[in-house]
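Input: a single structure, listed below in structure tokens.
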Amino acid sequence: MAFSQKIILVVTVIGIAFTTSLSIVFLQSPSEEISPVIFEEFDELIIDIDASGNTSCRLTIELPPSSLANSFKIASSLIGTKNMKQGYIESLRESFGGYGWEVRDAECEITGLGTKDNFKVTLAWDAPKMARWEENGWKISSEWVDVKNSAEETISRQKSSWILIRNIAEEQDSQYAQYRVSYKSSLLLPENVGNVYCPLLGSLQTIEYGGGTYSKTSLHAENIDGRTAVVENSLTLIAAENAITITPQQLIENSLFYTINYGGAPPKDISFLSSVERVRLDLKYGRELEDQYLIYSEGSWYSLSPAQVLYYAAWAIDNFNRGANLSIRHPISIALPRTENGDFGSFWRTLSKTDYTNMARQIHENISSNGVAPGVISTPYGGIRFKDALLTFTRILSYYGENEVLPNEIELAPYPSGQLLWSDIETPANYAYFMLSDTHVVTNSPRDNQVLENIYHFSYDDKTYANEICDWIHANIDYILIASTPTSEWVLEHKKGQCRDYANVNLALLRTARMPAKRVNGWIILTEEWQPPPELAPFM
């Protein structure tokens, strides 16, 4: 997938998040007498790669004065610039995370809030290990981690953009509107690199989304200030008069996925800790692990399997805890576990330093004696899988690399792929990430726990408990329109809010009760007058 496909939707996704929670749109034939409403957006992304494969990124998103730009200016005024900035940063993390790229130290600036000003968003961040060192050079890969899910989300965002543009156009008595987004990305390779190769350089890609909506992308290389750059230009046009019809499979088949290979020196300031970072990133974002990873130790590179990485990561933690160093020298042969099992309830629990150092020592000793990586590792809260333990250890080592001390505690986070057992039911591991807080959903607060104590009864199963939580919300929260976007904690305190706020409180309480819950936004598209079903009517 082209860089533009993950970046181009950031601004519209945020705009939708801060507009109405439910829209009713009536499809009508465009009138020939009405001139089309044209909205424009201009985006530019610069990705500057250093000699160690780390990147500094800067994205500018600019909308000339229009009713669309005004909607963002009004939203910023109503909900507060701080909340708006946080929304952009969260959307950026989600977009890059879909490619297995980590966003660090993100900053956001919003300017141009005057009536005649261009509305402008500027995002700056770092992305570690975006380029990876292999035996014969460097490689950058622009591919989705979860192809099917990412395709579905991309289409959903395009449809949300279509809804937003259509609604704004309707306010101007027009069904015929276009949203034109011009985008340029420049991926600056390090100085003095050679043998740059990308099989898609010089290609042109077109994706037809249906209904007149499309995107066109070109890819070429050029010289920028003496450095080789891979430059992508794209134009996306969203036509409001007809619905988007593309399927996820069609999007996957027509998308521009590519890799860039280039020559150069090995990474600078390399160490065991920095070389293990690529394993951590693969685990964090749910990538399928590679058969072998290049790991550095005491002046030499070693090709290690994930099982070997677990062994040496555990040994390193144990050694660092005792004030010793790690030496690989002669890697031992270690077999992967035949099966993995973990308990859903083990995660988002805290391991003390004593807990995780004991676990590391035990894993190191067990592998030393039997030559097999464990498929299940015991914790005070239940079992975790091999990959969960490897993610935990690489996170500990990442902290150690940045702070030169081991953390006092670590929260158990699952490898977001595969299955976990929840009450003997196999459950997707990534569901555990739907138990965390976000900008508007505050979990595990004293107020959350007090409400749950008043609702819970020992006889409830999970379904009954969830229904009781929902009933409590509708019985205790008064419906009232609020211009700002409050947190679930504010709504629980003031006992009032609108549909969006009902959803956020429900998410906060369910997640605090350790039941994964995901926010789903929907739009109703109709050709005639519509009345809500009886069960929805009180909340409309």
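The values are calculated or read from the model by the stated rules, or taken from the named source; none is laboratory data. All figures in this text were calculated on a predicted structure; none of them were measured in a lab. Heads up, the Cβs are rebuilt from the backbone with ideal geometry, glycines too, and the neighbour counts pull from every protein chain shown.
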- line: Of (1) outside any loop (DSSP other than H, G, I, E, B); (2) surrounded by 15 or more Cβ atoms within 10 Å (Cβ to Cβ), GLN249 fails just (2)
message: Take GLU253 and tell me if it is of a type outside the set (A, V, I, L, M, F, W, C), more than 24 Å from SER150 (Cβ to Cβ) and modelled with pLDDT under 95.
response: no
Criterion (at pLDDT below 95, of a type outside the set (Gly, Ala, Ser) and closer than 30 Å to THR394 by Cα) met by exactly one of ILE260, ILE244, ILE295, ILE270: ILE270
Identity of the residue in region 327-347, touching a Phe, Trp or Tyr at 6+ places or on another chain (Cβ under 7 Å), part of a loop (DSSP other than H, G, I, E, B) and touching a residue at least 40 places away in the same chain (Cβ under 8 Å), that ends up surrounded by the fewest Cβ atoms within 10 Å (Cβ to Cβ): PRO337
- prompt: Of LEU304, LEU310, LEU397, which residue is hydrophobic (A, V, I, L, M, F, W, C) and more than 28 Å from LEU421 (Cα to Cα)?
  reply: LEU304
- prompt: If you go through region 54-76, how many residues are closer than 17 Å to ARG180 by Cβ and free of Cβ contacts under 8 Å to residues at least 12 places away in the same chain?
  reply: 0
field: Flag if THR81 is at pLDDT below 95, surrounded by fewer than 19 Cβ atoms within 10 Å (Cβ to Cβ) and either at positive phi or β-branched (Val, Ile, Thr) (or both)
entry: yes
field: Failed condition for GLU107, given (1) closer than 24 Å to THR236 by Cα; (2) free of Cβ contacts under 8 Å to residues at least 40 places away in the same chain; (3) in contact with a helix residue (DSSP H, G or I) (Cβ under 9 Å, 6 or more places away or on another chain)
entry: (1)
- prompt: Does GLY371 count as modelled with pLDDT of 95 or more, loosely packed, with under 14 Cβ neighbours inside 10 Å, on the phi > 0 side of the Ramachandran plot and not β-branched (Val, Ile, Thr)?
  reply: yes
- request: Give just the number: which of (1) surrounded by 19 or more Cβ atoms within 10 Å (Cβ to Cβ); (2) within 20 Å of the chain's Cα centre (by Cα) does GLU107 not satisfy?
  value: (1)
query: How many residues, within region 155-193, are touching a helix residue (DSSP H, G or I) at 6+ places or on another chain (Cβ under 6 Å) and polar (S, T, N, Q)?
result: 3
Candidates ASP462, ASP355, filtered to the one that is among the acidic types (Asp, Glu) and modelled with pLDDT under 95: ASP462
- request: Determine which member of the set THR350, THR357, THR392 is touching a strand residue (DSSP E or B) at 6+ places or on another chain (Cβ under 7 Å), in contact (Cβ under 8 Å) with a residue 12 or more places away in the chain, buried (at least 16 other Cβ atoms within 10 Å of the Cβ) and more than 16 Å from GLY418 (Cα to Cα).
  value: THR392
task: Output the residues belonging to region 468-519 that are polar (S, T, N, Q), buried (at least 16 other Cβ atoms within 10 Å of the Cβ) and farther than 29 Å from PHE344 by Cα.
output: THR485, GLN498
